[in-house]
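Since the structure comes first, as structure tokens, the remarks are kept for the end.
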Amino acid sequence: MRILLIVSAFNSLSQRIFVDLKELGHSPAVIYAASENEMQKKIQDFNPDVIVCPYLKKKLPKTIWENKPTFIIHPGIMGDRGAYSLDWAILEKKQIWGVTIIKANDILDGGDIFASEEFAMRSAPKASIYRHEVATAASKALKNALKNLENKDFTPKKLDYADKEIKGRAHPFMTQNERKIEWQKETTDEIIKKIYASDSFPGVLDEFFGVECYLFGAQKEEFLRGNPKEILAKRDGAVCVGTIDGALWISHMKEKEKMIKLPAAFVLKEKLLGVRENRIPLILEEKRETFKEIFFEEKDSVGYLYFEFHNGAMSAHQCVRLKYAIESVIERDIKVLVLMGGEDFFCNGIHLNIMEDSKKKAEDGWSNLHSMNELARTIIFSTNIITVSALRGGAGAGGVSLAGACDFVVAKDGTVLNPHYMNLGLFGSEYWTYTLPKKIGAEKADELMQKCMPIGAQEAKRIKLVDEVFDENIDKFTKELQEFCSELAKSEDYHDLLLKKREKLKNDELEKSIDSYKEEELKKSYDSFYDENSLFHKLRYEFVHKLCQTQTPKRFKDA
Ligand code: COA
């Protein structure tokens with residue numbers, strides 16, 4: 001089928017649906033829900049069989065849904081209506097939630113129901129549930145809805161609240177009143193729930209030391225204690241705050257005045273001068289509830305190194321810490337090192353928000369780039385161990401290149417990769433010019449980098465960007481990953497694998513010095529950082545400040 005996606009942004013869910021539809025053999029195209037004229041023109045030119053709206057922040061004009069079957073992917077169970085569905089589901093402690101495919105009509109979320117999928121709620125930030133449970137359910141529900149649409153015997157369900165299967169209800173808009181934390185009354189769990197319900201957008205509005213800011217990234221603390229709302233400690237940019245029954249960490253804040261999401265310590269700055277630094281080991285191995293970004297597990301001679309960096313963005317400091325962590329764990333008695341990345345994103349490259357906030361943007365961004373390069377280099381040249389990157393969530397730009405620095409790349413089914421850098425106006429780094437063409441061929445590498453479109457795990461496997469795709473269910477994925485890595489570690493061919501790796505590096509070096517790839521990338525990237533009129537500065541500003549797209553990006557013309 002020819003399927004047109006109308007989106008308010010080509011966000012994670014829209015990208016997932018786009019790659020899924022391609023995988024099913026459909027022809028998807030994308031247009032932003034910006035101007036009615038533009039949408040109509042695209043409909044005329046593309047002549048879709050169906051329109052699907054995976055992420056829409058405004059109502060579609062009647063002229064669109066009246067003339068083409070148009071479906072809304074709503075992140076709620078059957079009968080749920082209105083914005084902020086997931087926020088309400090978290091605040092109201094729903095155990096089961098879902099996704100419903102609704103035919104667009106003139107009642108918001110009130111059209112006929114073509115399919116619905118449910119899932120068990122997890123205690124996690126809204127954005128994490130959106131990127132995992134909602135994406136999986138939406139993918140299944142849309143497949144069913146498209147089948148139902150073609151089935152002449154299928155009758156869609158009417159939105160009838162007398163129907164016992166329709167358990168959802170219309171809910172009101174959620175304001176900061178419902179999100180507001182009452183520090184003197186609410187327990188740690190209640191506060192975390194409120195921050196989860198608002199993370200990643202809009203955050204919970206609060207105030208610390210007179211700075212009005214939105215709060216993000218809540219994590220329970222097991223040991224530290226103090227008065228409610230008292231800042232008890234700081235660590236790696238996060239702050240620990242007392243509650244009536246314990247304490248929690250808040251990793252990120254967005255100052256109301258400035259509206260850039262940053263590590264909390266970057267927002268509160270000198271106000272934290274007297275607050276003590278609470279250190280933990282570089283690699284935390286003990287199971288303990290606290291704010292920790294890098295942690296490690298070992299099983300069957302395989303080391304699993306997790307780096308849970310918010311949004312997958314890695315500052316220079318985080319890159320350096322991760323590099324030290326890698327250097328330290330490969331000294332251990334393990335045969336395989338698995339880079340686990342974060343739960344939601346494996347890695348999304350240099351930290352664009354921190355760079356944007358810097359007074360010396362070029363210098364700070366440039367050193368972030370160098371530290372990413374050093375990290376990639378450490379992985380590429382780790383010749384005493386087999387390395388695997390495990391993509392449990394998406395990866396973008398430098399994050400894909402970092403994964404590609406490993407000997408094997410495995411991905412959870414449904415993962416979306418964006419290997420290109422040009423959407424941010426960058427040539428790219430992290431030795432991608434060395435690793436990518438060797439993996440997938442120069443022509444395909446060039447195509448991926450130029451087209452700037454997302455690629456699904458299955459397609460990534462077909463083109464050899466990814467070696468294995470394991471189950472979408474995280475428990476099954478973990479089991480398959482562990483089996484794969486244990487097999488590698490105990491394989492009779494293990495030493496041959498290592499020898500081949502060393503041989504390959506030696507031959508590659510002879511062909512062309514591996515560091516010269518990096519030098520060339522740096523040369524091509526220099527102006528993007530140091531020319532203040534570069535496209536990178538403009539696009540990064542727009543990305544960080546989330547300036548609404550008013551026009552469909554050119555790269556979707558042929559999509
Ligand atoms: N630096 C800082 N923040 C980043 C980031 C980065 N490199 N990459 C993603 N983020 C943030 C986004 O701002 C967003 O923030 P939120 O907490 O306000 O929601 C969040 O991570 C999720 O990103 P979003 O763009 O909404 O996710 P997506 O799944 O729709 O798209 C990417 C994923 C990777 C395609 C997209 O985030 C992207 O292009 N990132 C930039 C990659 C890049 O160019 N890195 C620099 C060069 S190495």
- [ ] Specify which of the listed residues (398, 393, 456, 428) is crowded, with 17+ Cβ neighbours inside 10 Å, within 11 Å of the ligand (Cβ to nearest atom) and farther than 27 Å from residue 507 by Cβ.
- [x] 393
Task: Residue selected from region 133-184 under the condition crowded, with 16+ Cβ neighbours inside 10 Å and among the small types (Gly, Ala, Ser), by the criterion farthest from the chain's Cα centre (by Cα) - done: 168
- [ ] Kindly indicate whether any position in region 528-551 is at positive phi and outside the structural domain of residue 8 (by TED's automatic domain parsing).
- [x] yes
Task: Where a residue in region 60-71 is touching a residue at least 12 places away in the same chain (Cβ under 8 Å) and in the same structural domain as residue 104 (by TED's automatic domain parsing) and its partner, wherever it lies, is among the small types (Gly, Ala, Ser) and assigned to a helix (DSSP H, G or I), with Cβ under 8 Å and at least six apart - done: 71/145
Task: Filter result for the condition that a residue is under 19 Å from residue 343 (Cα atoms), within 16 Å of the ligand (Cβ to nearest atom), among the aromatic types (Phe, Trp, Tyr) and in contact with an Asp or Glu (Cβ under 8 Å, 6 or more places away or on another chain), over 296, 291, 307 - done: 307
Open item on the list: List pairs: first residue in region 259-275 and away from the ligand (no atom under 11 Å from the Cβ), second residue in a loop (DSSP other than H, G, I, E, B) and among the basic types (Lys, Arg) anywhere in the structure, Cβ distance under 9 angstrom, at least six positions apart or on different chains.
Closed with: 267/258
TODO: Return a yes/no flag: does region 459-467 have any residue that is away from the ligand (no atom under 16 Å from the Cβ), in contact with a Lys or Arg (Cβ under 7 Å, 6 or more places away or on another chain), closer than 27 Å to residue 135 by Cα and without any contact (Cβ under 8 Å) to a residue 40 or more places away in the chain.
DONE: yes
- [ ] Please go through region 111-120 and pick out each residue that is assigned to a loop (DSSP other than H, G, I, E, B) and surrounded by fewer than 17 Cβ atoms within 10 Å (Cβ to Cβ).
- [x] 112
Open item on the list: Any residue in region 170-196 that is among the β-branched types (Val, Ile, Thr) sitting within a Cβ distance under 6 Å of a residue that is part of a loop (DSSP other than H, G, I, E, B)? List the pairs, counting only those 6 or more apart or interchain.
Closed with: 187/245; 188/245; 191/181
- [ ] Taking only region 365-382 into account, find how many residues are within 13 Å of the ligand (Cβ to nearest atom) and within 26 Å of residue 533 (Cβ to Cβ).
- [x] 8
Open item on the list: Out of the helices (runs of 4 or more DSSP H) lying entirely within region 1-100, which hold 2 or more residues that are buried (at least 22 other Cβ atoms within 10 Å of the Cβ) and away from the ligand (no atom under 16 Å from the Cβ)?
Closed with: 85-91
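The values are calculated or read from the model by the stated rules, or taken from the named source; none is laboratory data. Fair warning: this is a prediction, and the values are worked out from it, not measured in the lab. Note: ideal-geometry Cβ built from the backbone for every residue, glycine included; neighbour counts use all protein chains shown.
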